[in-house]
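The values are calculated or read from the model by the stated rules, or taken from the named source; none is laboratory data. This structure is a prediction, so every number in the text was calculated from the model and none was measured. In this analysis, Cβ positions are derived from the backbone assuming ideal geometry, glycine residues included, and neighbour counts consider all displayed protein chains.
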Amino acid sequence: MIVVNTEMLPGYHIKEVKGLVQGNTIRAKHVGRDMMAGLKNLVGGEIKGYTELLVEARRQALERMLAQAEQLGANAVVNVRFTTSAVTQGAAELYAYGTAVIVEEE
Amino acid sequence: MGWEFWIQVIPVVVFLILGVSIGGFVERRHFKQLAIREAALADIIVTNLKTIPKQCVSQSCRLVVGDVTIASDYFKTFAASLRMLIGGELRTYESLMERARRESLVRMLEQAKQLGANAVYNVRFGTSSIRSAQRRNRAAMVEMCAYGTAVRLIDPMLCIKQP
C-alpha cells in the first residue's frame with residue numbers, strides 16, 4: 001500500500017477513486033506519565049511519554065485508515081491529512097483521512 | 001507577615017529559579033543540537049509544493065511524520081501570564097513554538113533520510129492538545145507534528161528549477 005500526502009503519485013496514474021477512508025483513535029497514558037509531565041512543566045524540555053503517545057496514536061489511526069482502504073480494494077491512499085482534537089485532558093484524539101485509489105504504473 | 005505567607009511564596013521563588021536555570025540550560029542545549037542536526041540534513045529539499053515533478057522521481061513515495069511534545073518551564077509560564085495582563089507579544093512562548101516546530105521537522109527529515117529520500121514534498125504542520133486544553137491555569141505544552149511525502153529525485157537541482 002502506497003501512502004502519500006500529495007494529490008498525485010508520480011510514475012503512476014489513478015485508475016479508480018474508491019472514496020474517502022478514515023481512521024481515528026483516542027489514546028491516553030497512565031496517571032504516572034501525566035504526573036511526570038506536570039513535573040516537566042517546572043523545568044521544561046521534551047515530554048517523552050506524550051511524544052510516544054502521539055506516535056502510537058498516529059500509527060494506529062493510519063493503520064485503521066489503511067485497513068479501510070484495503071477493504072475497498074485500493075492499493076494506494078493519496079492526499080492523507082491528520083487532524084487532532086482535545087477530547088479530555090491527558091488524552092489525544094488523532095484522526096487520519098485520505099482518498100483511497102487504485103493506481104497503475106505508467 | 002506570618003509563616004503562611006512564606007510557605008506560599010518560597011515554592012514559587014524556588015520554581016522560578018529552577019525554571020530559569022534548568023529550563024534555560026535545556027533550551028540552549030536543544031537549540032545547539034537542533035543546529036547540528038539541521039546542518040546534517042541540509043541536503044534534503046523541503047517544500048510544501050503539492051505536485052512532485054513526474055520525470056524526476058526514481059523511487060516510490062512514502063509518507064514521513066515527525067512528532068514532538070515540549071513542555072514550557074515554570075518561568076516561561078509565569079512570565080507569559082504576567083504579560084497577558086497587559087497584552088502584547090509573548091516572547092517566552094515563541095521560542096517554545098520554534099523549538100517544537102524545528103524539532104518535529106528534523107525528526108521528519110531524519111525519517112526521510114533513512115528511507116534514502118532527498119526531497120520532502122507537501123510538508124504540513126499540525127498541533128494537538130493532550131494537556132494544554134481545557135485547563136484554567138493552563139501549563140503550556142506544545143505538541144507539534146510535521147508530515148510530508150518523501151521522494152528520491154534523480155536530479156534535485158533540475159527538478160526544483162523546472163517543476
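Has the range A:25-46 got at least one residue that is within 10 Å of chain B (Cβ to nearest Cβ), surrounded by fewer than 21 Cβ atoms within 10 Å (Cβ to Cβ) and among the hydroxyl-bearing types (Ser, Thr, Tyr)?
No - not one qualifying residue is present in the range A:25-46.
Identify, please: which residue in the range B:38-86 is basic (Lys, Arg) and over 20 Å from the mean Cα position of the chain (by Cα) and is, among those, modelled with the lowest pLDDT?
B:54
Over 22 Å from residue B:97 (Cα atoms), surrounded by 18 or more Cβ atoms within 10 Å (Cβ to Cβ) and either among the aromatic types (Phe, Trp, Tyr) or at the interface with another protein chain (Cβ under 8 Å from one of its Cβ atoms) (or both): which single residue out of A:12, A:50 fits that description?
Within the list A:12, A:50, the selection yields A:12.
If you take just the helices (runs of 4 or more DSSP H) that sit entirely in the range B:1-102, which of them hold at least 1 residues that are more than 25 Å from residue B:115 (Cα to Cα) and touching a Gly at 6+ places or on another chain (Cβ under 7 Å)?
B:24-40, B:74-86
Out of all the residues in the range A:70-87, which are out of contact with any helix residue (DSSP H, G or I) (no Cβ under 9 Å at 6 or more places or on another chain) and free of Cβ contacts under 8 Å to residues at least 12 places away in the same chain?
A:71, A:85, A:86 - these are the residues of the range A:70-87 that are out of contact with any helix residue (DSSP H, G or I) (no Cβ under 9 Å at 6 or more places or on another chain) and free of Cβ contacts under 8 Å to residues at least 12 places away in the same chain.
List every residue pair whose Cβ atoms lie under 8 Å apart, where the two residues are 6 or more positions apart in sequence or sit on different chains, the first residue falls within the range B:86-115 and is closer than 30 Å to residue B:59 by Cα, and the second residue, located anywhere, is assigned to a helix (DSSP H, G or I).
These pairs meet every condition: B:102/B:34; B:102/B:38; B:103/B:30; B:103/B:34; B:106/B:34; B:106/B:37; B:106/B:38; B:110/B:37.
Check residue B:15 against each of (1) modelled with pLDDT under 85; (2) surrounded by 11 or more Cβ atoms within 10 Å (Cβ to Cβ); (3) over 30 Å from residue A:106 (Cβ atoms) and name the one condition it does not meet.
(1)
Residue B:157 fails exactly one of the following numbered conditions: (1) under 30 Å from residue B:12 (Cβ atoms); (2) at pLDDT below 85. What is the number of that condition?
Among (1) under 30 Å from residue B:12 (Cβ atoms); (2) at pLDDT below 85, residue B:157 violates only (1).
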